[in-house]
Structures are given as structure tokens and as C-alpha cells.
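Every number in this text was worked out from the coordinates using simple rules, so none of it is lab data. Model, not experiment: these values are computed from the prediction. No Cβ is skipped: glycine too gets one built from the backbone with ideal geometry, and neighbour counts run over all protein chains shown.
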Amino acid sequence: MFHIMKKFIQSALQRKYLEKRAVFIIMLVLVLLPLKLKGVYFYHCMIFTFYFAVLGTSWNIISGYSGAVSLGHAAFLSIGAYTSTILLINFQLTPWIGMLIGGSLSALSGLVICYPATKLKGPYFVMSTAAFAEILRYLTSQSKFAGGASGLIIPVVTGNSLYWFQFIEKWPFYYIILFFTIIVVFISYKIENSKVGLYLMAIRENRGAAQMLGVNVAKYLRMATCLSAFFTGIAGTFYAQYMVYISPDAIMGLGESIKIALVAIIGGMGTFIGPIIGAALYFGVGEIVRFLLGAEISGLSSFIYGIILIVFILLFPKGLVQFLKDMGGRFERYFIH
Amino acid sequence: MAIMLLQAIVCGLLNGGVYALISMGLALIFGVVKVVNFAHGEFLMLAMYITYWVFTRWGVDPHLSLFLCSGTLFFVGYVTQKLLIERTFNKPFEGELQIFVTVALSLAFINGMHMIGKADYRGINLSYASMALNIQSLTFNFLKAVSFFLALIVSYLIYLFLMKTDRGRAMRAVTENREAAALIGIDVNKNYCLAFGIGAGLTGIAGALLTPSFYVFPGVGLLFVLKAFVIIVLAGMGSVSGAFIAALIVGVLESLGGFLIGAAYTQMLIFAIFILSMLFRPNGLFRRRE
Amino acid sequence: MKDNISVSKKLTISVIVVILLIGLPIGGLTKEVKDVKIGLLLPMTGPMSSLGELNKRGFDLAVEKINREGGIKSLGGAKIGFVLADSQSDPKVAASETEKLIAISKVPIITGSYAGSLCITASAIAERHKIPYWEVSAITDVLTERGFKYFFRTIVNTTGYCGTAIDFLNALGYKKIATMAEDTIMGVTANKVFQTRAKEHGMEVLQVVTFPHSPTTFNSEILKLKLAKPQALAVAQFTNDAILFVKQMKELGLNVDLIAGTYGGPSDPQYAKALGELADYTCGVTVYNWDMQTKGSKEFVNNYLEKYQQEKPGLHPSYCYMGMLALAEVLERAGSLDADKIVEAALKTDIPETLTGYGIKFDPKTHHNIRATYASVVQWQKGELVTVWPERFASKKVISPMPKWKDR
């Protein structure tokens, strides 16, 4: 009897099948969710969670896989958001096309970041990305064309409109961001398991050695940056359409870039599901803490949050996902002996 | 107009003195331990709160409480290195981990202080705070001039420490080559803790001196920390005296720029210079080897 | 791989984490409230938290008065309570919390929000859900220019509020002024009003100064002003910057005859606490001060002092108090918590005078309070904040010009 159970657990733990089956079930649940649940606030949570999942996964492509940690992703986010919004306001261009243009512009500006990326190492690169985002933020707040410090309000149409990317209910936004998440995660998965991913990770481990072995470091970093920036820009447009208001303070600060990176780090830099888990954790923990401690004692919840974050990062340096994978490994070894 | 420009330069230099103290601490930490310490601004903030409390409760002048601040912050820095940063060594993604641990620490400090002190803006007023020396119709604010000279003295003391003392030489050895230093028997971790402690202590002095002419609230550190990073990069990795000079340069740039092209564009300019200097002068503007 | 923490501990923690993951939808369960629960969205943490705190006091006092006098009688004497939501001074959180208030706490009305940036996102969401949004504090003009049906604002708007600073300086005979405003939505809108109003009065603006939010030094700005030598200064700053600015004015010896500060600064008690004597003679634009002889003022001051025993009430609690009382009247008239009935009742509001001196009547199209066209000016005199303008509210005469720094 025990023998049969052991066999079952053994096969279930065979990593390949576990992941594929789990993924399928989770996807099914997520897609069918709206049919069952009606809670508007719940949707809002899920939407923001997936929004951060998209951001974290995109960030991961350049920073997790290639090790070029960026603290300036808010810049890409904003380029996407502002581009589609400005095109919408001035040329009545549908945000869907505006989104693609915005994403491309972000990718282009990613190339600008790429130049220092190949020349600067470690902390210097990180700081240059932060500086880049700050420059952009100041520029935007001075620019009347981009609404300046007052930001831009996305013109509202009455009713639902797929063309104008606006909806009264939440569920269309939910499906859209879910769709984006699936795409980005899929691409991330493909990269991780391909030659490109291998090269990126080699670059992360030891750039010099990779170069010597014939890896075109510059080319692959450019590729990763462009992809990362493109999807971040797309998420920016989504944000603009969902929140209906963008401003330098809301989306261009260093705090935003840090949030994006944090999501990937706590979930697991360098794995494709890491950022999703990270986004869920980031949001989930925030909500739990706020629920338990309420708004009464000012600052307590954010303080506890900071402490939890420190403890977490120290306990799970490789992120939660990697930790669970390692755990799975021990489990497996136990059952085989 | 010419007088105004000169005055702008004077103000810039004096401000630079304050920035210098903050940055020298960061230069030491970044240079020796090689950590991007995002919580550095909070060291400043803690010192400012201590100075404020000690002044309002017992009337202790900030120039006296700077000893208390530097001592307390030394302890805080030492402990931060020992309990937090050390834990990140030799783990995968070490560099990134360090950044985020310090970010989380910064959040904890800011929000912790928010709980204790509330977000109210506080200030202290020294009777002699606006005393100024007027030379040739240029105003030299007394308090800021004092900070400037203290920064100068401290900078020299640190230089002496690093160059002439055994402990300092050990620290420099660790900066140059961690493994080799360990091989000759230098306790690397202890030196890291010391460097972090001294770095934080320097910032503590800055906090005490800054309090009378600024205002205190939990997020005050955030206003200065990015500038400090720009300064230490311009100075070159770990160069403490370089940080002093770079701080003066940034102070003057900020002042002149603000006067001539407006503060927002000046900030952009400073960040642009920051990026360019990292690209083209990675060893700092002065290429001095400490 | 060597781990310092034991495996079982790590396992426990990850189990907890999984539970937390399930906790996503839990956030937002409400605490026990009284009969009518109104959503109250304020920045209780973050940079605006001290103002949020002051705002809340105004709301609390108003509700205590209402409940003491029998609650909402048309709803069977129902008492009013709040579901407090913390917007954390962040527009995204303001939006999130609004969603929560509507979906989970199911509040019939939302009020707040202190800042325009917080109100914009929150009220857009409320409008989407057809929930009335009763704005008492944000003065940003554009809020009532969006054609929203369920949005109402009781306080004066930017044009009226910032315009008062210029009107005041003009009334005292200052024709050559300079303006200073920060580079944010607050400052930019204030600055626009400053320039327009100054032109209307035929005043000359010698220097227009702008600065990025929360700088570490004002010396460039002060030097520019020294060069321009204006008679008076109109300023739009938050309190922290105002504190630094005044300190540095003294350090660098910038003397002007008068300063009229909007938003933060002179109208904020923290400003005087931090500056001590330095705050004297600076003026601020407010909608209410404890010494104004307006309707309900004495009662408000007494209740405030009794409950909070600190400084006398000023700008921030007042507009919340006044706005909340008006809301209670609307609920009384509506006799229901239905959104459309509330809107209908609100449009019938016709109050001739409130705490602030102006009454309340909503424009049927924009839902802005058309009686709120002006504000008042206060000045710090020997450590006390007194109303100095317009004459009918003034309890003391304005002291101008301010004595030079070296003469103090």
C-alpha cells in the first residue's frame, strides 16, 4: 500500500509533469474565474497583481537572466503610457495601436540604455538606469507637451469600448492583463529554455568569459533590453487606460522602478514564474498587513512590511520559487531512497 | 548680477560642505564594502532626529550632539553590516540582494520613524543660526561655514586614518583585494563592519550639523541620498577626499545652475553628468588612487 | 549549499507564505460601524499624513455634533460613522481603496480626500460606479470640469483660493510682486492663477520662480528674487518647503514687504512650530481661522479645543467640518441612501453662510460650490495666527511691511 503511494508521489514529483499539469490547472482556474466571482475589489487586486507580474517578468528578461539589474524600468513604463496617451489625446489614435508604438519607443530607448550596459559593471549600471529614469521624470514634468507636472487625463468615453480600450466593468481589463501575462510569461519561458537564455545566463555569470567563448554580449544584451522595454511599455499603456490618469509622480519615480524589481526578486529572479509569485506575494502581503493592522496606527503596516521584506530577502535569496524547487528536490531524494 | 553669481558660488560651496560629509560616509561604505547602501539617507535622518530630540528636551547644541550622533550611527552602521549585509555574502545574486536588503532597511527605518515620531515636519532654531559673515557684500552663513570646515577637517582625519594607521591600511587592503587581504590574515568582515560604522558615523555628524538649517521628518534622507550617490561616482570608487571635492562641485553646479537655468534643468544636467562620468571616467573625475 | 536556517523553519515559512497568497481577497473586511457608514478617504500615512490627521479631526467633530443632535432624522435617527480608508498619499492607493470602499464596504457615499491628485483617481472610480463623491478639500479646478454627475465639491477652487493671495497683495497697494510655485500639479495650477489675477489687477510680476518639489536648498531661487527686488511675494508651497524657504530667506537676507503663502506654510500650525519666531509676519491664505466671527465658528472652536486641547483650529479641520455638516443636511433632505436621490438633494442645497464665511450652492452643471469664490488671509503675529483680511473677517490689522530680518 505504502509502496503504491510512494510510486504515485514519485511520479507526481517528476518535475516535468508536475509543472505542466500545475500550469494547466492554474490557467483553467484563472480563465474561468470571472464566471464565478463577481467581487469588484477582488478583480482590482487580481488586475494589479497581473499588472505587476507582467512588469516583473519583463524586468526579469534583462535583469534576471542577464544580470544587468535595472532600477530605471519606470522610464520604459512611462514611455509606453505617455506615448499612447498623447497619441490618443492629440490624434484620437486607438490605444491599441498607440500601445504598440509606445512599446516600440520604449524598446528604442532601451537601446540607449544598452550602450552603458555593455560598458558599466554592477552597481554603476544600476545607478545609471536610475539616473536615466530621473532625467526622464524631470523632463516630463517640465514638458507642457506631456502635460507637465499635472499629468494627463485619459479622455473618457461613455460605456464600454474595445476600440478606445475603456470599460466600465473590471472583467475586460482582467482578461486583457491576463492575456498579456500569458504572452510575456510564455516568451520568458521560451527564452529561459533556449539558446538565447543560455547565452544571457552565461553573460550574467561571467561576462568576460562569455565574450571569450564567442558570445556576442552586446547583441544579446540589446535583444534582452528591447524585449524587456517593449513589454514594460505595453504594460504602461494598460495602466494608463485602467487608471485613466498618469503623471510623473504616479509612475516615473524611483519607487516605482524599485517596486518592479522587488516583485521579481522576491519571487525569484531568473525563473520565469518567479515574478508572478512575487507579484502575488507583494500584493497579498500588503493587503494582509493592512487588513490586520488597519489604518489606525499610522505607519505600522508599512513598517512591518519593510521588516517582512528584509526577512524574506535574507531567507530566500534566490526567491521563493527557487527555494520551493530546491525543497522539491529534497523531497524527491527522500522518496527515491 | 556679478555679485549674485559670486554669491551663488559661495552658497554652492557651503552647501557642498554639507553634501561632503554625507557623501564621504557613503564613499567609505561603497569603496570598502562595495555595497550600494540605499539606506544611507536614513542614517542621516536618524542623526537629525537625535539632534532634534536632544535639543528640544535638554537644549543641547547640535555642535555637541554631533558626538552622540556619530557614536550612535557608528553602532547602527556596524550592526547593519554584521547582521544584514554579511548575510548576503556569497549568496547567489549577491549584488542585487544587497541593494534590495538596503532598500527594505530604508523602508523599515522610514516607516519605523513615522510610527515613533509621526510625519510632522520639525525644526530647531538656534539663536545664532543666521549669523553671517559679510565679506565684500557676500554673505557667508556662519552655520554652513562651520559645517564646511568640519567637513574639511574630517576629510583630512579620514585621509590620515586610511594612509597612516595600521587599521586604515588594513581597510585599504580589503578594498583593493578582498581575497588577498584575507590570505595575509586580515579579518575582512571586521574591517567591513568598521568601514560601515565609520561611514554611518560620518553621516551622523552631517545630520547633526544639517538640522538647524533644514527640517526633520521621516523621509528627509531620501532628499539627499541620490545626490550622495552622484557625488561618490564622480569622485571615483571609494575615494573619500575625492568625495569632498566632488561634493563641492555638485554644490556649486546646483547653485549656479539653479540661478541660471532653473533648478529642474540643473537636476537633469547633474544626472546627465553622472551617467557620462560613469561611462567615460569610471575611476572618477580625478583619477586619484587612494 | 550551506544554509544558516534549518530546513524545517524554511518549510514553515513557505507554508505561511502560501496561506498569505490565498489571503489576496481577504484584505478589506470592514470593522464594526454605526448606522450610516460613509467612506472617508484620507492620506493617513505618507508625506501628507499630518494633513490627513487634521482633516480627520474636522470630520470627527462634525459627525459627533450631528450624532449628538439626533443623527439623520429622516433616516430614523441613524447615526453617522466612517469607514476610514488610507490613501497613503498615493493616487494609485487612493484608487485601490476607493474600489474597496465601494465593493466590499459598500458605502453609499465617499468623502475626502485632501489632495487633488488623490481625488482625481478616486472620484473617477466612484463616478464609474455611480457613487456620490463629496469632495471637501481638494481645490484643483479641473475636478469640477469633468462633467461628472455624482461629484460635488464644497470648498473654494484654485482660482478663488490662489486668486485671494493676489487680491490681498493688491488691496494693500503692492503692485510689483514676484511669484514662487513648485513644479507639481499644485504649483503649476496655482501659478497660472497668480499670473492671471495679477494681470487683471494691473500688477507687475517681476520674477516668476518655479522649483522642483522638496529641494535641498533654495539659494538659487532666493538669489533670483534678490536680484528682482519685488515688494511682495506670492507663494505656492507645501509646508516643508515653506519652512526651508523662510529659514534660508533669513540666512541670505532676502527682505520683502509681505509674503502671501498658499497651500502649505503659514496656514499650517506645523510651520510655526518648526520656525518659531521666524514665522512671524508671514501671511497665509485660508478658508477659516479660529478668530473669524462666522456662523458656527464659536461652537467649532470650543468643541475642537475641548477634544484636542492643542492649537486652535485653522484651515484643515474647518473645511472638513463644514463640508461634513453640509453632507448631513443633504442626507437629511434626501431621506435615503440612494445615489440619485442624494444627487437630487445635493442640488437643492442652499446655505447662505458657513464657518468659512461663504455659503453652499452647487452649480447644476459642474457641481462646484458657486458661493465659494474667495478665501481669507491670516498672519502670524507674535506667535499667534490671526485673521487680517478681508476686513469683515479680520480680528487684527495686518502688519505690513514686515520688519527686515536684521531688525528682528
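Computed from Cα positions, the angle between helix B:142-164 and the longest principal axis of chain B comes to roughly 20 degrees.
Kindly list the residues of the range C:137-160 that lie in the label zone of C:D340, defined by a backbone N under 19 Å from the point 7 Å along the Cα-to-C-beta vector. Those under the cut-off are C:148-152. Entry for the range B:168-290 at q = 0.15 Å⁻¹: log10 I(q)/I(0) = -0.84, Debye formula applied to identical alpha-carbon scatterers, no solvent contribution. Considering the options C:A138, C:L225, C:V193, tell which one lies farthest towards the positive end of the dipole of chain C, charges being +1 on Lys and Arg and -1 on Asp and Glu at the Cβ, about the Cα centre. Value computed over the given set: C:L225. Rounded, prolate or oblate: which fits the protein assembly as shown when a ≥ b ≥ c are the square roots of the eigenvalues of the alpha-carbon gyration tensor, with rounded for a/c under 1.5 and prolate only if a/b beats b/c? Note, shape of the protein assembly as shown comes out oblate. For the range A:119-134, the residues whose backbone nitrogen is under 20 Å from a point 7 Å from the Cα of B:E179, taken along Cα to Cβ, are A:121-123. The spacing between the range B:44-72 and the range C:65-129, judged by their C-alpha centroids, is 42 Å.
Toward the positive end of the charge dipole of the protein assembly as shown, with +1 on the Cβ of Lys and Arg and -1 on the Cβ of Asp and Glu, the farthest Cα among B:F67, C:A326, B:F100 is that of B:F100. Taking the DSSP beta bridges with both ends in chain C, the antiparallel portion is around 25 percent.
Computed from the C-beta positions of A:L213 and A:W171 and an R0 of 60 Å, the FRET efficiency is 0.75 to the nearest 0.05.
Take every DSSP beta bridge whose two residues both sit in the protein assembly as shown; close to 35 percent of them are antiparallel. Length gained on full extension, B:L269 to B:L83: 63.2 nm, using 0.36 nm per residue less the C-alpha separation. Placing a pseudo-label 7 Å from each Cα along the Cα-to-Cβ vector at B:L5 and B:V60 gives an inter-label distance of 4.6 nm. Going by neighbour counts of Cβ atoms within 10 Å, the residues C:E69, C:E329, C:E299 line up, fewest first, as C:E69, C:E299, C:E329. When A:S141, C:S74, C:S123 are arranged by Cβ crowding within 10 Å, least crowded first, meaning fewest neighbours, the order is C:S74, A:S141, C:S123. Give me the distance between the Cα centres of the range A:113-192 and the range A:198-243, rounded to whole Å. Between the Cα centres of the range A:113-192 and the range A:198-243 lies a distance of 16 Å.
Ranked for footprinting exposure by Cβ neighbours inside 10 Å, fewest first, A:V112, B:V154, C:V156 give A:V112, B:V154, C:V156.
What is the magnitude of the charge dipole of chain C about its Cα centre, with +1 placed on the Cβ of each Lys and Arg, -1 on the Cβ of each Asp and Glu, and no other charges, expressed in debye to the nearest 20?
The calculation lands at about 180 debye.
Each part reduced to its alpha carbon centroid, the range B:120-166 and the range C:195-224 end up 30 Å apart.
Give, rounded to the nearest 20 debye, the magnitude of the charge dipole that the range B:161-290 has about its Cα centre when Lys and Arg contribute +1 at Cβ and Asp and Glu contribute -1 at Cβ. The partial results should precede the final answer.
On the way: 11 positive and 6 negative charges, 57 e Å.
Dipole about the Cα centre, nearest 20: 280 debye.
If only the Cβ of Lys and Arg carry +1 and only the Cβ of Asp and Glu carry -1, the dipole of the protein assembly as shown around its Cα centre is close to 2180 debye. Candidates A:S141, A:T232, C:M48 compared by Cα position along the dipole of the protein assembly as shown: farthest toward the positive end lies A:T232, with charges placed on Cβ.
Dividing the summed -39500 (n - 2.57) terms of all DSSP H runs of n ≥ 4 by the residue count of the protein assembly as shown sets its mean residue ellipticity at 222 nm at -20000 deg cm²/dmol.
Would you mind getting me the FRET efficiency between B:K118 and C:A228? Use the beta-carbon distance for r and R0 = 35 Å, nearest 0.05.
0.40
Here the contact order of chain C, divided by its residue count and restricted to Cα pairs under 8 Å and six or more residues apart, works out to 16 percent. Under the shape rule built on the C-alpha gyration tensor, where the axes satisfy a ≥ b ≥ c, the range C:130-248 is oblate, since a/c reaches at least 1.5 while a/b does not exceed b/c.
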